[in-house]
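Just below is one structure, and these are the notes that go with it.
Please treat every number below as a calculation from the coordinates, not as lab data. Nothing here was measured: the structure is a model prediction, and the numbers come from that model. Every residue, glycine among them, receives a Cβ derived from its backbone with ideal geometry; neighbour counts consider all protein chains shown.
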Amino acid sequence: MTEYTKHIYMTLFPNNALIASHLEPEQFAKHLTVGTAKHYQSKVVFAEVNINFRDPFFEIDEILAQTVPHPVTGKPKRTKFIASYATLEHVALSAIGRLYLVTAGGQVLGIEAQPYTRVSETGRVRVYQEINPLHSLVAANSDPREFGKWITRGTRSKSAPKVCFTQIDMDVDRFAKEHTSRMQFTAPIPEIHPLRLYDCLKELLDNPNKKTKTISLGSVFRHTSYKRIKHGFWIADGDDMLYFPIPPRDELEKNHYDWWREVM
């Protein structure tokens, strides 16, 4: 019988689960999107977890032992769930490897974590989409480092031990200036009423002492194209952070054209 390499994957969107699999990342991505009708029919974000990672919260050894090829056909085991609840908070940042962004058509872009060295403008209002385990759309007057630390340590009422989030690409100052008349206009973020967005952003712009303003309790990530993501994705754990930058457009067009074509 064929021997397959075992992997551990952590899905971050649309759900948070730890999964054992014989599939390579590209095969796993297609399986979750177009491989079977019972799975999710939209974008997926997942990360590979070090096969040697262990935590008492998970029965990893037991599940890996059960991750075996089909006894008759010899086909690889595609998914064997280790956990499907409170997963991210129990996975060490040091165990998280490459992040994979998957389109609805199963095209996948793998991203390595890099140090976040960008010099950010202090006090500028940004819009963050929490991916997991929180799902709120939040305006904040802090850069990703400050926001990640605040959402995992700085508040108890709207926090989680670890949070994966991204930034929506929009010019907040321009949006606020162009719509001071509050006449009918269109929001640059899907599923969000333009006046709600305007009021939330204006409140932060007018009050520098206010840290955050929740725009929506529900996620807009499913309806937001990857091309509307600014910089990339972060996984924060207090002062510790992983940053997964999306490559610039020219690199995507040159080296990842099939993925880029599907998100255009």
(message) Checking the cross-link filter: which aspartates and glutamates have an alpha carbon closer than 20 Å to that of Lys254, excluding same-chain neighbours under 8 positions apart?
(response) Glu26, Glu112, Glu262
(message) Between (1) 1.00; (2) 1.10; (3) 1.08, which entry matches Rg/Rh (Cα atoms, Kirkwood Rh) as derived from the coordinates of this structure?
(response) (1)
(message) Can you give the local net charge around Thr152? Use residues other than it whose beta-carbon is closer than 14 angstrom to its beta-carbon, Lys and Arg +1, Asp and Glu -1.
(response) +1
(request) With label points built 7 Å along Cα→Cβ from the Cα atoms of Ser84 and Asn15, find their separation and express it in nm. (result) 0.3
(request) Any chance you could give the angle, 0 to 90 degrees and rounded to 10, that helix 194-206 forms with the longest Cα principal axis of the chain? (result) 70
(request) State, to one decimal in nm, how far the label point of His135 lies from the label point of Thr155, with both points 7 Å from Cα in the Cβ direction. (result) 1.8
(request) Under a cut-off of 18 Å between alpha-carbon atoms, report the lysines in cross-link reach of Lys77, not counting same-chain residues fewer than 8 places apart. (result) Lys6, Lys30, Lys38
(message) Per DSSP helix of 4 or more residues, -39500 (n - 2.57); summed, then divided by the residues of the chain. What does that give at 222 nm, rounded to the nearest 500?
(response) -5000 deg cm²/dmol
(request) Using label points projected 7 Å from each Cα along Cα→Cβ, tell me how many nm separate Thr73 and Lys227, to one decimal. (result) 3.7
(request) Work out the FRET efficiency for Arg174 and Glu203 from their Cβ-Cβ distance, taking R0 = 22 Å, and round it to the nearest 0.05. (result) 0.80
(request) Indicate the gyration tensor shape class of the range 149-231 (rounded, prolate or oblate), computed on the Cα atoms with a ≥ b ≥ c the square roots of the eigenvalues: a/c under 1.5 is rounded; otherwise a/b larger than b/c is prolate and the rest oblate. (result) oblate
(request) Output ³J(HN,Hα) for the range 140-147: one whole-Hz value per residue in order, computed from phi by the Karplus curve 6.51 cos²θ - 1.76 cosθ + 1.60 with θ = phi - 60°, and x for Gly and Pro. (result) 8, 9, 10, 7, x, 4, 5, 5
(message) What lysines does Lys162 reach when the alpha-carbon gap must be under 23 Å and sequence neighbours fewer than 8 apart in one chain are set aside?
(response) Lys43, Lys149, Lys210, Lys211, Lys213, Lys230
